[in-house]
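Working notes, structure below.
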Amino acid sequence: MAEGVNVSILGTRVVRTEDPALLTVGGTYVDDVRVPELTGAVRATFVRSHVAHASIGAIDVSAARAAPGTVAVLTARDMDDLPPPPPDDGGAGSEGAPVPMGGPWTEPLLAADRVRYVGEPVAVVLTEDSYQGADAAEQVIVDYHPLPVVLGPGAADAETLLFPRTGSNVAVTAGTPTDEPAFGQCDVVVRQAVENQRLAPVPMEGRAVAAVWAAGRLTVWLSTQNAQISRFILAGALGLDPAAIRVITPDVGGGFGAKVGLDRDAIVVAWAARRTGRAVRWAETRSENLVGMTHGRAQRQHVTIGGTRDGRVLAYRLDIVADTGAYPRMSGFLPGLTSLMAAGPYAIPHVETAFRVVVTNTTPISAYRGAGRPEATAAIERAMDLFATEIGLDPAEVRRRNLVPPDAFPHTTPGGAVYDSGDYAVALDKVLAAAGYAGLREEQARRRGSGDPVQLGIGLASYVEITAADAAAGETARLVVHADGTATAYTGSSAHGQGHHTAWAMLVQAELGIPMDQVTVVHGDTDVIPEGVGTYASRSLQLGGVAVHQAARSVREQARQVAADLIEASEADMELDTETGSWQVRGDPATSRSWADVAGHAGPAGLVAAVQYAEGQPTFPFGTHLAVVEVDTETGKVRHLRQVTADDAGTVLNPLLAEGQRHGGIAQGVAQALVEEFVYDADGNPLTSTLTDYAAITAAELPSFELVSSETPTEVNPLGAKGIGEAGTIGATPAVQNAVIDALSHLGVRHIDMPATPARVWAAISGARESR
Amino acid sequence: MKLTVTVNGNPVSAEVEDRLLLVHFLREVAGLTATNVGCDTSSCGACTVLLDGQSVKSCTLLAAQASGREVLTAEGLAGPHGELHPVQQAFRAEHGLQCGFCTPGMVMAAVSLLAENPSPTEEEVRAGLEGNLCRCTGYHNIVRAILAASSQPAGKEQAG
């Protein structure tokens, strides 16, 4: 930290540097980019399958080609200038890694002989404006020969195969077979089927891309979480040298995991720009987004939990069927993470997991905020409540009796996760105290006693999650202090709302004393930052932030030498005052020199440090959420009253930003528990493909959240920081679900799947009453 | 058709297609890109602007319907020397925005809400925002910002 006694900016509530522009002229998202290269760009409009499963006969593009404003209509048949698809790996994929499976499972750029879900791109129309595009796309006539539709976890046993060459709809299988003996020693064993439903990520900005091919070089403006990864995907798909591609990431209007890398649609647009020699733009409509962007979750789980009557959990088993949609984008990665984190924050002696990944005639599944971990927490937290109910013990007490104790870190789970640090019971106790748990239980008892039609439910979820799961991939930073004393930080990490520009500038100011407003942060331009990984898995601060911090330290040590030379003093006597950003001989203000003086003296190379920072292991944030809901037993309507949370992600750099991440995640978690679900009918038609049908949660359905602070630093990195981006969806979802069930447990309701809609809650109440 | 719309105090005249939506007129003709398109069903509110002082979803109106009328967008909200409007200031101070895509529409909706009800309760703010979606903030800090910008002392009605 700083020499001297200055108070660091780190840990303080600094408002964002990003905001003035976003609030006045608005961000510059891809569709807002107005640069000369894109003048006269044509608009791409995709023709998408409106049937879930069919072979493709003729495609008649003649009318569309003749439509006003049409520049080109392109189908898979026009893609004769591309390298062959990924090699056949025997269908094995690369289990455990987020890599699309190649070979017989390959996802084509445009469907050629078969469509496998509603929304799959079949052709692309280029027109002078987007209104003409909508008209022309309607005139493309595709001859579909329908095939039987495969949906849901039963896909494994379906006669119809999505990919006949694979011989199966099961893309990946992992885990141990059922091991009943582990449960033989238990007094109590409870089993339950649990649905973790399919969700649409719905970033406010949909997918968008603009592409120009000029002088043998492709420039792509892309709404993505990872400019550098996208460049390599484009290079592979188009058969180009990565050096011939520049990816620029302007402002990005949310990603939530669904903008990791880039989709086939964006690759098609880039290809079309090269093919036609025209600049091409595409910004999808929301109806397109809801079927074309990847979805999240979609796991059918079976939990088995066993233990003693006094509340010790001895064995837990989680079986998963993961519906991966029409193309296995991430092979076994997501259910693999769910399996890794299956035990949650509990010291359970025996934990088993198994999963199967199945393909179905639906939109492909990929990462969505939490990406495998919310599914793990939802399962174990539901199981803990089922176990607590079975033995008649308070759910808070059952959790306390099984949490990994604070002296057990690092703690290795039966599944092989190494939890780095934590004090899980403290998070639980803080939340119970802040919520007034005893008082809530009294109020609940009062309403039960009086037969109040509006019952109170209290739900808990204690969790541990994994962030920066790919810590070894690291992140890059390059920091330059210019001759005028200002600084520029180039980061391989990538912002889409998190506040990287503010946070990275804080790190530079803290280390160098150059004020934040004189620190420019640059991300997402592969010509300027060729190496980088980007943002997902709550990795940014602990990898990208630490890289900036390390770069600042390196610049500081270079500057110490230069300052000593400038002042003609010994290096060991040099002191940096981070309050004023000036160098001096220790205790002698008369020798003071500014950063401009020192950088100006540094020679033509200036003061520059480039860092590639990687960590040896991921970090494991933890916490507890408590939800309070009211359930109207006459209508099934749930009202979410309170959400009290402790989310411990180590040392907090900027509480304002960290709280913002928690708020957003909580809302998405509550949304899964109560309202959001992507639904298909029996023919694979999406029933929720607009925002009037998909129930994206609104302000009117949520309370203000009550955040309890908890900071247990990690020793994994020098900032002591873990990731915070996904805590909300991990903790909030099961807490709210458990609260709804808790409100009705005295009526005999044992489980309600998410989302707890009025119809579903009412049916559960009716069912419980009838069976009594 | 030929039309003139006064946008942020400046008349903008153009020959446009009859079917051109107001939001596309603002973005493509007037060149003002703060107003965003977030859906195609008038559900998300990202395109909210003020038409003669009333909040409207500019994806729901034809440009022709705004002919001869005054439109205020986020670009026109700050003072003549760039000083932020109180609602803009409050959004910044309370961290009421993250990715920023919903923000211009959300801010215009908030301006309209406070014009109609200068001292809303938290519940009234939440009900008033029902037509504006945000996926980043969980609405928590947006609600705080609007309460802070209102004439009501901030924090009176809200939990932690």
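The values are calculated or read from the model by the stated rules, or taken from the named source; none is laboratory data. Predicted model, so just to flag it, every value in this text is computed and none were measured. FYI the Cβ positions are ideal-geometry reconstructions off the backbone, even for glycines, and counts take in every protein chain you see.
Do you know which residues across region A:664-700 are in a loop (DSSP other than H, G, I, E, B) and facing another protein chain (nearest Cβ under 7 Å)? Walk me through how you get there before you give the answer.
Of all residues in region A:664-700, those in a loop (DSSP other than H, G, I, E, B) come to A:675-679, A:681-685, A:687-698.
Result: A:Thr690, A:Leu691, A:Thr692, A:Ala696, A:Thr698.
Residue under question is A:Leu626, and the condition is that it be assigned by TED's automatic domain parsing to the domain that holds A:Leu541 and either within 30 Å of A:Val740 (Cβ to Cβ) or crowded, with 18+ Cβ neighbours inside 10 Å (or both); does it hold?
Numbers: assigned by TED's automatic domain parsing to the domain that holds A:Leu541: no; either within 30 Å of A:Val740 (Cβ to Cβ) or crowded, with 18+ Cβ neighbours inside 10 Å (or both): yes.
No: the conditions fail for A:Leu626.
The conditions are (1) more than 19 Å from A:Ala699 (Cβ to Cβ); (2) among the aliphatic types (A, V, I, L, M); (3) assigned to a helix (DSSP H, G or I), and B:Leu84 fails exactly one of them. Which is it?
The number of the failed condition is (3).
Among the numbered criteria (1) more than 8 Å from chain A (Cβ to nearest Cβ); (2) of a type outside the set (D, E, K, R); (3) closer than 26 Å to A:Thr39 by Cα, which one does B:Gly45 miss?
Of everything listed in (1) more than 8 Å from chain A (Cβ to nearest Cβ); (2) of a type outside the set (D, E, K, R); (3) closer than 26 Å to A:Thr39 by Cα, B:Gly45 misses just condition (3).
Is it the case that A:Ala572 is outside any loop (DSSP other than H, G, I, E, B) and under 30 Å from A:Ile529 (Cβ atoms)? Step through it out loud before you land on a result.
On the way: outside any loop (DSSP other than H, G, I, E, B): yes; under 30 Å from A:Ile529 (Cβ atoms): no.
It is false that A:Ala572 is outside any loop (DSSP other than H, G, I, E, B) and under 30 Å from A:Ile529 (Cβ atoms).
Taking only region A:715-750 into account, find how many residues are of a type outside the set (A, V, I, L, M, F, W, C) and buried (at least 23 other Cβ atoms within 10 Å of the Cβ).
If we filter region A:715-750 for residues that are of a type outside the set (A, V, I, L, M, F, W, C), which is where we start, we get A:715, A:717-718, A:720, A:722-723, A:725-726, A:728-729, A:731, A:733-734, A:737-738, A:742, A:745-746, A:748, A:750.
From what is left, the residues that are buried (at least 23 other Cβ atoms within 10 Å of the Cβ) are A:717, A:722-723, A:725-726, A:728-729, A:731, A:733-734, A:737-738, A:742.
Selection size over region A:715-750: 13.
Kindly evaluate A:Gly370 against the criterion of being touching a helix residue (DSSP H, G or I) at 6+ places or on another chain (Cβ under 9 Å), surrounded by fewer than 24 Cβ atoms within 10 Å (Cβ to Cβ) and part of a loop (DSSP other than H, G, I, E, B).
No; evaluated as a whole, the condition is false for this residue.
For region A:38-73, give me the residue count where each residue is under 34 Å from the mean Cα position of the chain (by Cα) and surrounded by 18 or more Cβ atoms within 10 Å (Cβ to Cβ).
Summing the residues that are under 34 Å from the mean Cα position of the chain (by Cα) and surrounded by 18 or more Cβ atoms within 10 Å (Cβ to Cβ) in region A:38-73 gives 13.
Scan (1) touching a Leu at 6+ places or on another chain (Cβ under 8 Å); (2) loosely packed, with under 13 Cβ neighbours inside 10 Å; (3) not small (Gly, Ala, Ser) for the single condition A:Glu571 breaks and write down its number.
Only one criterion in (1) touching a Leu at 6+ places or on another chain (Cβ under 8 Å); (2) loosely packed, with under 13 Cβ neighbours inside 10 Å; (3) not small (Gly, Ala, Ser) is unmet by A:Glu571, namely (1).
Does A:Gly728 meet the test of being in contact with a strand residue (DSSP E or B) (Cβ under 9 Å, 6 or more places away or on another chain), in contact (Cβ under 8 Å) with a residue 60 or more places away in the chain and not in a loop (DSSP other than H, G, I, E, B)?
On the way: in contact with a strand residue (DSSP E or B) (Cβ under 9 Å, 6 or more places away or on another chain): yes; in contact (Cβ under 8 Å) with a residue 60 or more places away in the chain: yes; not in a loop (DSSP other than H, G, I, E, B): yes.
Criteria met by A:Gly728.
Give region B:92-144 a look and list any residue that's among the charged types (D, E, K, R), under 20 Å from A:Ala21 (Cα atoms), outside any helix (DSSP H, G or I) and at the interface with chain A (Cβ under 7 Å from one of its Cβ atoms), or say none.
If we filter region B:92-144 for residues that are among the charged types (D, E, K, R), which is where we start, we get B:92, B:94, B:116, B:122-124, B:126, B:130, B:135, B:144.
So of that shortlist, the ones also under 20 Å from A:Ala21 (Cα atoms) come out as B:92, B:94, B:135.
In the following step, the residues that additionally are outside any helix (DSSP H, G or I) were identified as B:94, B:135.
Of everything in region B:92-144, just one residue is among the charged types (D, E, K, R), under 20 Å from A:Ala21 (Cα atoms), outside any helix (DSSP H, G or I) and at the interface with chain A (Cβ under 7 Å from one of its Cβ atoms), namely B:Arg135.
For A:Thr580, work out the one condition from (1) away from chain B (no Cβ under 14 Å); (2) farther than 26 Å from A:Ile466 by Cα; (3) crowded, with 21+ Cβ neighbours inside 10 Å; (4) in contact (Cβ under 8 Å) with a residue 60 or more places away in the chain it doesn't fulfil.
Only one criterion is unmet by A:Thr580, namely (3).
Is it true that some residue in region A:239-252 is surrounded by fewer than 22 Cβ atoms within 10 Å (Cβ to Cβ), in contact with a Leu (Cβ under 7 Å, 6 or more places away or on another chain) and assigned to a helix (DSSP H, G or I)?
Within region A:239-252, one or more residues are surrounded by fewer than 22 Cβ atoms within 10 Å (Cβ to Cβ), in contact with a Leu (Cβ under 7 Å, 6 or more places away or on another chain) and assigned to a helix (DSSP H, G or I).
Take the conditions buried (at least 19 other Cβ atoms within 10 Å of the Cβ) and more than 14 Å from chain B (Cβ to nearest Cβ) and apply them to A:Ser592. Does it pass? Please lay out each step first, then the result.
Working: buried (at least 19 other Cβ atoms within 10 Å of the Cβ): no; more than 14 Å from chain B (Cβ to nearest Cβ): yes.
Against the criterion (buried (at least 19 other Cβ atoms within 10 Å of the Cβ) and more than 14 Å from chain B (Cβ to nearest Cβ)), A:Ser592 does not qualify.
Condition first: more than 10 Å from chain A (Cβ to nearest Cβ) and touching a residue at least 40 places away in the same chain (Cβ under 8 Å). Now tell me which residues in region B:72-89 satisfy that.
B:Leu72, B:Pro86 - these are the residues of region B:72-89 that are more than 10 Å from chain A (Cβ to nearest Cβ) and touching a residue at least 40 places away in the same chain (Cβ under 8 Å).
Rundown of residues vs (1) surrounded by fewer than 21 Cβ atoms within 10 Å (Cβ to Cβ); (2) within 30 Å of A:Leu340 (Cβ to Cβ); (3) within 14 Å of chain B (Cβ to nearest Cβ), yes/no style:
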residue	(1), (2), (3)
A:Asp113	yes, no, no
A:Arg116	no, yes, no
A:Val124	no, no, no
A:Tyr131	yes, no, yes
A:Ala136	no, no, no
A:Pro148	yes, no, no
A:Ala156	yes, yes, no
A:Gly175	yes, yes, no
A:Pro181	yes, yes, no
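Does region B:53-71 include one or more residues that are under 9 Å from the mean Cα position of the chain (by Cα) and within 13 Å of chain A (Cβ to nearest Cβ)? First the steps, then the outcome.
Restricting attention to region B:53-71, the residues satisfying the condition of being under 9 Å from the mean Cα position of the chain (by Cα) are B:55-57.
Next, from what is left, pick out any that are within 13 Å of chain A (Cβ to nearest Cβ): B:57.
So far as region B:53-71 goes, yes, one or more of its residues are under 9 Å from the mean Cα position of the chain (by Cα) and within 13 Å of chain A (Cβ to nearest Cβ).
Residue-by-condition table, conditions (1) of a type outside the set (Ser, Thr, Tyr); (2) more than 10 Å from every other protein chain (Cβ to nearest Cβ); (3) farther than 23 Å from B:Glu75 by Cα:
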position	(1), (2), (3)
A:Val7	yes, yes, yes
A:Thr12	no, yes, yes
A:Pro20	yes, no, no
A:Val25	yes, no, no
A:Tyr29	no, no, no
A:Val33	yes, no, no
A:Glu37	yes, yes, yes
A:Thr45	no, yes, yes
A:Ser49	no, yes, yes
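So that you can scan it fast, the table gives a plain yes or no per residue for (1) in a helix (DSSP H, G or I); (2) of a type in the set (D, E, K, R); (3) within 14 Å of another protein chain (Cβ to nearest Cβ); (4) within 28 Å of A:Pro328 (Cα to Cα):
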| residue | (1), (2), (3), (4) |
| --- | --- |
| A:Val189 | no, no, no, no |
| A:Pro201 | no, no, yes, yes |
| A:Ala210 | no, no, yes, yes |
| A:Thr224 | no, no, yes, yes |
| A:Arg231 | yes, yes, no, yes |
| A:Phe256 | no, no, yes, yes |
